[in-house]
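To keep things clear, I will list the structure first and then write my remarks on it.
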Amino acid sequence: MPLERQRVGFGGWCALLFLTVCAVACSPTAEEDLTIGSLTFGAGSMEALVTLGPDIVPGSLSVRLDGRRVPLEAAGEGRVRARTAVGAGRHWLVAVARVEGWLSAPRVHWISFRTPPGAPELALSQPRDGASEVSPATWPELVFSQPLLRAARDSVRLRCDDRERGFVTSELAPDRLLLNPDADLPPGTHCRVLWRGADGGEGIEFWTAAAAPPLHALYDRSSDRLAPLPDDYFAVPDASRSTGLRLEIPVPERSVDLTNLFAGLLHDVNGLDGFSPLAPLVVPLADAIDPASLPVSLLESVDPAAPIALFDLDREAETGPARVAYRVELRDDTTAVGRRGHTLLLFPAVSLRPGGRYGLVLTRRVYAA
């Protein structure tokens, strides 16, 4: 980004006319009383940190962008933050402040800069612009018409009720961004995803749904519940096995008939050196979920934005462990005693490697439909 800087000292009317006569009537000075630091750019905005020397008169600082006064806020001892909206093109940022002593000349520091290139046109987003009843667990996704430069990607902001929300950005493709918020978005809130476009600030807005009871997967090894399965919790070290492990799954205590059934099934399982490479993965849920949140194809199951991921921990891809495609089935069953159960069954699209290590990740996005 082209950037020019100049620090000069003025006398008399020179401070008022420096843009037109500075080259003739003003001389450079080496004092570090007033410095405009590096610039940062947001979604249609610019921020500069101005450092003030000890001789600057408190409250005398004025900062202007292209002749327009810029709002200031304290940013610590001897520092002031200047933040304002900025459009595309070339701009002038000027800081002026008085120093102690009535004969002392004002200090002026100015820089000339061009705003970094903005993002191309937005092709689609999730949530869509103007959407309502969006799950607070959502991870906003942006797809642009062309690849983004880093400067445009770094301009993305997430705000809810005009308060900044922290997030981690994942670049799923050169033209595709996924925002993973640090925490669920506030329920019943107006949120915006903003970025710098070709002609200034652009963005989408949506409204999150009202608060609802928390939803979660069931995992409690203090109980006699066996699922989720498979799980290395039930594997114990055994140096005599090729995998170094041996399965020891306890028989859960149920009615006599059910206990005998479990005992018969586990009789042939316990003692093996690992789990079946063909059996589905079973994940119990505490609550029902919307099937629309689940992948509907093998291709979607390995998409980085999928809410469920099956990883081959022994194989590396460019972004980490390799993903394994799967088919997912949602079961909502009612037992003979009227108890409702919700279960996810994941069927790997290929046989898992004998002796391989795999990991299943279930994110809160499974409740984001």
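The values are calculated or read from the model by the stated rules, or taken from the named source; none is laboratory data. Just so it is clear, the model here is predicted, and its values are computed rather than measured. Cβ coordinates were reconstructed from backbone atoms using ideal geometry, including for glycine residues, and neighbour counts include every protein chain displayed.
Structure summary
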| read-out | value |
| --- | --- |
| Members of segment 152-168 found to be exposed (fewer than 14 other Cβ atoms within 10 Å of the Cβ) and closer than 16 Å to Thr363 by Cα, listed by number | Val168 |
| Strands (runs of 3 or more DSSP E) (entirely within segment 226-311) containing at least 3 residues that are of a type outside the set (D, E, K, R) and closer than 18 Å to Glu329 by Cβ | 281-285 |
| Where a residue in segment 128-154 is at negative phi and its partner, wherever it lies, is among the β-branched types (Val, Ile, Thr) and surrounded by 15 or more Cβ atoms within 10 Å (Cβ to Cβ), with Cβ under 6 Å and at least six apart | Asp129/Ile204; Val134/Thr208; Pro136/Thr208; Pro140/Val193 |
| Residues satisfying the stated conditions in segment 73-90, i.e. under 27 Å from the mean Cα position of the chain (by Cα) and at pLDDT 90 or above | Ala75, Arg81, Ala82, Arg83, Thr84 |
| Cβ-Cβ under 7 Å pairs, at least 6 apart or on other chains, segment 260-282 side closer than 21 Å to Ala239 by Cα, far side outside any loop (DSSP other than H, G, I, E, B) | Val269/Leu247; Asn270/Leu247; Gly271/Arg246; Gly271/Leu247; Leu272/Leu247; Asp273/Leu245; Asp273/Arg246; Gly274/Leu245 |
| Residue in segment 239-248 that is touching an Asp or Glu at 6+ places or on another chain (Cβ under 9 Å) and closer than 23 Å to His342 by Cα present | no |
| So Tyr219, is it touching a Lys or Arg at 6+ places or on another chain (Cβ under 7 Å) and not in a strand (DSSP E or B) | no |
| Selection within segment 293-319 - at pLDDT 85 or above, under 17 Å from Ala137 (Cβ atoms) and small (Gly, Ala, Ser) | Ala306, Ala309 |
| When residues of segment 56-102 are limited to those that are in a strand (DSSP E or B) and without any contact (Cβ under 8 Å) to a residue 24 or more places away in the chain, the one farthest from Gly200 (Cα to Cα) | Ala74 |
| Residues (modelled with pLDDT of 90 or more and either touching a Lys or Arg at 6+ places or on another chain (Cβ under 7 Å) or more than 17 Å from Asp314 (Cβ to Cβ) (or both)) located in segment 348-369 | Ala349 |
| Where a residue in segment 216-241 is in contact (Cβ under 8 Å) with a residue 12 or more places away in the chain and within 22 Å of Leu258 (Cβ to Cβ) and its partner, wherever it lies, is part of a loop (DSSP other than H, G, I, E, B) and polar (S, T, N, Q), with Cβ under 9 Å and at least six apart | Pro230/Ser276; Phe234/Asn270 |
| Residue count, segment 182-205 (criterion: touching a residue at least 60 places away in the same chain (Cβ under 8 Å) and out of contact with any Lys or Arg (no Cβ under 8 Å at 6 or more places or on another chain)) | 6 |
| Qualifying residue in segment 261-273 (condition: closer than 21 Å to Leu360 by Cβ, acidic (Asp, Glu) and surrounded by 12 or more Cβ atoms within 10 Å (Cβ to Cβ)) | yes |
| Cys191, sole failed condition from (1) of a type in the set (A, V, I, L, M, F, W, C); (2) crowded, with 19+ Cβ neighbours inside 10 Å; (3) under 20 Å from Ala85 (Cα atoms); (4) modelled with pLDDT under 95 | (4) |
| Conditions (1) under 30 Å from Leu266 (Cβ atoms); (2) in contact with a Ser or Thr (Cβ under 6 Å, 6 or more places away or on another chain); number of the one not met by Trp207 | (1) |
| Given (1) at pLDDT below 90; (2) surrounded by fewer than 17 Cβ atoms within 10 Å (Cβ to Cβ); (3) more than 30 Å from His216 (Cα to Cα); (4) over 15 Å from the mean Cα position of the chain (by Cα), index of the condition Thr115 fails | (2) |
| Candidates Leu148, Leu142, filtered to the one that is in a strand (DSSP E or B) and surrounded by 15 or more Cβ atoms within 10 Å (Cβ to Cβ) | Leu142 |
| Residue count, segment 185-213 (criterion: touching a strand residue (DSSP E or B) at 6+ places or on another chain (Cβ under 9 Å), in a loop (DSSP other than H, G, I, E, B) and of a type outside the set (Gly, Ala, Ser)) | 4 |
